[in-house]
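The values are calculated or read from the model by the stated rules, or taken from the named source; none is laboratory data. Predicted model only: the values in this text are computed from it and were never measured. Virtual Cβ from ideal backbone geometry, glycine too; neighbours counted across all protein chains shown. Each accessible area value is taken on the protein alone, full model and side chains, heavy atoms only, with ligands, DNA and RNA left out. Shrake-Rupley method; radii C 1.70, N 1.55, O 1.52, S 1.80 Å.
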Amino acid sequence: MTGRTFDGVLFDMDGTLIDSMGSSLAAWRTWADELGVDPAALGALGGLPASRIVAELVAEDRQVSALARIHELEVAAAGEGIEVLPGVVEAFGALPANRVAVVTSCTGPLLAARLAASGMRPPREVVCVDDIANGKPSPDPFLLAAHRIGVDPHRCLVVEDAPAGLAAGRAAGCATLAVGATHHHSELEADAYAPDLGHVRFSSTPAGITVTLA
């Protein structure tokens, strides 16, 4: 990140800004048990939209009901154990509100439930899975987010914790910063890595946004 400036920063939410892993895993385990899906099969699908996970694991004639069920379970579980991750409040305080977006594979209702449970103030611009035809690892979510904040994607930094999200950011032409412990560092292909946003300092200057890794 040294010497680079950006016009916008596009953040993933789960595992990047908030820790929702406990509630999400509980919901998916219940779902897998109800549908007779091997829970071990969920491990390789982290960061993908629920619709993609369901399509991978459930027969076509059961996918609509299976998707509705996991959405119901995740929203119901969202009120338990969700916390804002280190450095998030400081990062949002340092960045211009009109140059930031959150890009998530959550649906709108699940996004609202998790943000409410975390106590985090909703950002001005959010792209959720309801807003696009193709979710991560497609570039579409980040391209839409860049458009909404009025910034060239090539001048954006994507901050993500999952391989699918980082692949989407790269495909959109953005620089990428991997964070978190959701996936092993070796699985995260990015321009830079930090354990969490507590190890990242954002500054806004007339030339753009700069990023320093601690």
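Surface composition of segment 1-112: carbon plus sulfur atoms contribute 53% of the solvent-accessible area (1.4 Å probe, protein chains only, all chains present). Taken over the Cα atoms of segment 119-168, the convex hull encloses 93 Å³ per residue. Residues of segment 170-207 with an amide N closer than 20 Å to a point placed 7 Å from the Cα of ALA214 along the Cα-to-Cβ direction: 177-182, 192-205.
Need the C-alpha centroid separation for segment 14-29 versus segment 83-136, integer Å. That distance is 14 Å. Here is the size of segment 1-117 from its Cα atoms: Rg then Dmax, 16.3, 52 Å. Peptide packing for 137-147, 157-167, 23-33 was compared via the average number of neighbouring C-beta atoms within 10 Å per residue; ordered from the highest value, the list is 157-167, 137-147, 23-33.
Would you work out if segment 116-214 is rounded, prolate or oblate? Take a ≥ b ≥ c from the square roots of the eigenvalues of the alpha-carbon gyration tensor; rounded if a/c is under 1.5, else prolate when a/b is larger than b/c, oblate otherwise. Verdict is rounded for segment 116-214.
Rolling a 1.4 Å probe over the heavy atoms of the protein chains gives segment 86-214 an accessible area of 43 Å² per residue. Need one number: % antiparallel among DSSP beta bridges in the chain, to the nearest 5. Approximately 35 percent, going by the DSSP bridge assignments. Sequence-distant contacts, meaning Cα pairs under 8 Å at least 6 residues apart, place the relative contact order of the chain at 28 percent.
Using the Cβ of ASP131 as centre and a radius below 15 Å, the other residues enclosed give a net charge of -1, where K and R count +1 and D and E count -1. Label-to-label distance, LEU25 versus ALA40, with points set 7 angstrom from Cα along the beta-carbon direction: 1.7 nm.
Could you tell me which of rounded, prolate or oblate describes segment 156-208, using a ≥ b ≥ c as the square roots of the eigenvalues of the alpha-carbon gyration tensor, with rounded for a/c under 1.5 and, failing that, prolate when a/b is larger than b/c and oblate otherwise? Oblate, because a/c is 1.5 or more while a/b does not exceed b/c. I need the Debye-formula profile for the chain: one equal scatterer per C-alpha, no solvent, reported as log10 I(q)/I(0) at q = 0.10, 0.13 1/Å, two decimals. Reported log10 I(q)/I(0), two decimals: -0.40, -0.68. Annotation for ALA59 and SER186: the two label points, set 7 Å from Cα along the Cα-Cβ direction, are 3.8 nm apart.
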